[in-house]
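Accompanying notes for the structure given below.
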Amino acid sequence: MLKTHLHPSQPLVRQIIALAYTALLILVLLQSSRQPTIGPAAPPGPPDLGRELLLTIGHIIGFGLLVWVWSRAFAPSPRALSLAVSIALALGTVTELLQNLVPDRSASPFDLATNTIVTLVAAWFIRARSR
């Protein structure tokens, strides 16, 4: 009988982790603010500075981690980081635009800029650490 052990160092496991994380991030980014599937509902009324800061930190963590998990998923390919950046930039753009289809959400140029900057900075850090 052949035994197979999955280990996080195996490419397939890293790719499954990246796909699962991407699906979770998409769900979080495209869910209703008033009736979210994950996390608390947004408080009613105009957004306050504390809430906006918390949401921005969420984008920073979300997209920084997205670049890292996809760069690991494609490793050891020399194009791994480029592919990870492409996925993160596409996902950041598409999810912001799709938020216009969610009844209580709308696209945010600030969030799109945050996603883009975080993606590029994360890639720079990953490349700098790999040298």
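Just so you know, all these numbers are worked out from the coordinates, no wet-lab data involved. Note that this is a predicted model, so its numbers are computed, not measured. Here the Cβ positions follow ideal geometry from the backbone for every residue, glycine too, while neighbour counts run over all protein chains shown.
Exposure proxy check: H7, H59 ranked by fewest other beta carbons within 10 Å?
H7, H59
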Phi to ³J(HN,Hα) by Karplus 6.51 cos²θ - 1.76 cosθ + 1.60 over the stretch 110-119, Hz, x for Gly, Pro
5, 5, 4, 5, 4, 4, 5, 5, 4, 4
What spacing in nm lies between the two simple spin-label points modelled at L24 and N100, each 7 Å away from Cα in the Cβ direction?
3.0 nm
PRE zone check, label point 7 Å out along Cα-to-Cβ of R127, amide N under 19 Å, scope the stretch 57-79, hits 63-79
Determine by what factor the alpha-carbon radius of gyration of the chain differs from 2.2 N^0.38 Å, reporting the quotient.
1.19
Can you tally the net charge around W70? Count Lys and Arg as +1, Asp and Glu as -1, for every other residue whose Cβ sits under 15 Å from the Cβ of W70.
+4
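Taking neighbour counts of Cβ atoms within 10 Å as a proxy for exposure, in what order, fewest first, do R129, R34 appear?
Ranked by crowding around the Cβ, least crowded first: R129, R34.
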